[in-house]
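The structure appears below as structure tokens.
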Amino acid sequence: MHIVSEATCREIMGRDDAFAAVEAIFSAMARGDAYNFPVIREAIGHADALYGFKSGFDRAGMVLGLKSGGYWPGNEKKGLTNHQSTVFLFDPDSGRPMAMVGGNHLTALRTAAASAVSIKHLARRDARVLGMVGAGFQSAFQMRAAVAQRDFDKVVGWNLHPEMLGRLEATAAELGLPFEAVDLDRLGAEADVIITITSSFAPILSLAQVRPGTHLACMGTDTKGKQEVDAALVAAATLFTDEVAQAAAIGECQHAVAAGLVDAAAITPIGAVIDGQHPGRSSPDEITLFDGTGVGLQDLAIASVAVAKAIDKGMAQSVAV
Ligand code: NAD
């Protein structure tokens with residue numbers, strides 16, 4: 001069995017690896033070649049932690065496994081990341097363990113790759129202004145991956161906690177782009193593409209604030225009760241997602257579906273657009289919304305690339321099991 005450490009993943013895995021792995025697995029999911037198993041997530045009654053598993057099988061890529069992990073709110077005080085995850089891969093022919101891979105860096109890369117895939121396939125070609133809602137750990141990864149997809153010339157950003165906006169400003173500077181902190185009305189009025197990546201439980205952006213033709217990638221809502229945009233905006237948009245069942249149950253679409261404003265059948269898996277089964281954006285005035293709920297197969301796909309690269313570079317440790 002191979003062990004690929006968190007440090008090795010940070011050293012060898014980049015945005016391009018993540019983008020290719022995530023685009024391919026979304027396509028395999030839409031074709032029915034790969035499927036996610038039900039998610040387990042439990043409050044363990046210790047250290048205020050939420051812990052669980054995301055798992056699945058990719059028959060096309062022959063990747064079987066799970067991501068184990070969760071959220072430990074006290075970690076930051078100990079100098080650790082609050083979100084902790086580890087991916088385990090198994091041989092689909094025998095069930096034997098094949099690899100254990102650090103999952104923290106890979107989770108950020110695969111989450112950013114998902115919104116970048118949506119921007120590639122759904123944003124207007126002439127998109128120039130990127131709007132960022134949220135300035136937490138994931139936001140820098142999101143911005144870096146997004147700017148590779150269109151010729152953006154400016155980033156505008158908003159965050160509930162303005163003291164965190166420095167992260168967006170620094171990331172834009174690293175990418176050679178001007179950054180401006182704005183209120184939500186200006187953000188909606190200026191941005192062609194908007195990424196939401198917060199842990200909000202109430203709508204932040206409303207339909208009235210968003211221009212026709214905008215593409216939104218709503219990435220923060222991955223749990224029942226969370227919400228980043230109002231249900232009217234979801235209902236007005238053409239909807240795409242990684243996995244329809246998750247979007248309707250725990251994603252940004254959950255509130256519009258529960259209110260009867262959206263039928264889950266109207267949400268298209270992004271893989272269908274990647275494969276050319278669905279045209280994606282049909283007009284320059286259409287609002288498109290990608291509900292990125294985060295699926296286990298994304299984790300398995302990127303982890304299997306990390307294992308292959310680590311073995312190739314002599315950076316995977318081997319242990320007999
Ligand atoms: P973080 O803790 O580093 O940052 C949290 C962000 O949310 C900050 O911008 C903070 O200001 C903002 N925020 C907190 N409470 C808020 C509120 N009540 N209203 C509005 N904004 C609020 O978290 P992170 O690691 O950057 O993750 C952000 C979100 O993305 C989380 O909800 C996380 O669960 C989610 N996430 C989703 C996926 C996926 O695949 N879709 C993957 C990883 C993380």
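Structure data summary
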read-out	value
Of all residues making up region 282-303, the number that are closer than 17 Å to Ala114 by Cα and either hydroxyl-bearing (Ser, Thr, Tyr) or away from the ligand (no atom under 16 Å from the Cβ) (or both)	2
Tabulated pairs, region 48-76, first closer than 30 Å to Arg31 by Cβ, second part of a strand (DSSP E or B) and among the β-branched types (Val, Ile, Thr), C-beta under 7 angstrom, 6+ apart or interchain	Gly52/Ile40; Phe53/Ile40; Gly65/Val87; Lys67/Val87; Ser68/Thr86; Gly69/Thr86
Test: residue in region 29-38 that is surrounded by fewer than 17 Cβ atoms within 10 Å (Cβ to Cβ) and of a type in the set (Asp, Glu)	yes
Hey, Ala217 of a type in the set (A, V, I, L, M, F, W, C), touching a residue at least 40 places away in the same chain (Cβ under 8 Å) and within 16 Å of the ligand (Cβ to nearest atom) or not	yes
Residue in region 109-122 that is part of a strand (DSSP E or B) and modelled with pLDDT of 95 or more present	no
Where Ala231 falls short, out of the listed (1) within 15 Å of the ligand (Cβ to nearest atom); (2) touching a helix residue (DSSP H, G or I) at 6+ places or on another chain (Cβ under 7 Å)	(1)
Residue match in region 254-266 (condition: over 24 Å from His83 (Cβ atoms), surrounded by fewer than 24 Cβ atoms within 10 Å (Cβ to Cβ) and outside the structural domain of Ser139 (by TED's automatic domain parsing))	no
Selection count, region 127-153, where residues are basic (Lys, Arg) and either in contact with a Ser or Thr (Cβ under 8 Å, 6 or more places away or on another chain) or buried (at least 16 other Cβ atoms within 10 Å of the Cβ) (or both)	2
The one condition in (1) on the phi > 0 side of the Ramachandran plot; (2) away from the ligand (no atom under 11 Å from the Cβ); (3) in contact (Cβ under 8 Å) with a residue 40 or more places away in the chain that Gly276 fails to fulfil	(3)
Residue in region 43-65 that is touching a His at 6+ places or on another chain (Cβ under 9 Å), under 29 Å from Val319 (Cβ atoms) and at pLDDT 95 or above present	no
Checking Phe152 against (1) modelled with pLDDT of 95 or more; (2) aromatic (Phe, Trp, Tyr); (3) under 16 Å from the mean Cα position of the chain (by Cα), the condition it does not meet	(3)
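Let's see how each residue does on (1) within 13 Å of the ligand (Cβ to nearest atom); (2) of a type in the set (Gly, Ala, Ser):
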{"position": "Gly79", "(1), (2)": "no, yes"}
{"position": "Asp93", "(1), (2)": "no, no"}
{"position": "Val101", "(1), (2)": "no, no"}
{"position": "Ala112", "(1), (2)": "yes, yes"}
{"position": "Arg125", "(1), (2)": "no, no"}
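Here's the yes/no breakdown for (1) more than 16 Å from the chain's Cα centre (by Cα); (2) outside any helix (DSSP H, G or I); (3) not assigned by TED's automatic domain parsing to the domain that holds Ala310:
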residue: Phe57; (1), (2), (3): yes, yes, no
residue: Leu66; (1), (2), (3): yes, yes, no
residue: Gly70; (1), (2), (3): no, yes, no
residue: Lys77; (1), (2), (3): yes, no, no
residue: Pro92; (1), (2), (3): yes, yes, no
residue: Val101; (1), (2), (3): yes, yes, no
residue: Ser139; (1), (2), (3): no, no, yes
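The values are calculated or read from the model by the stated rules, or taken from the named source; none is laboratory data. None of these values were measured; they are calculated from a predicted model. Note that each Cβ is placed from the backbone with ideal geometry, even for glycine, and that neighbours are counted across all protein chains shown.
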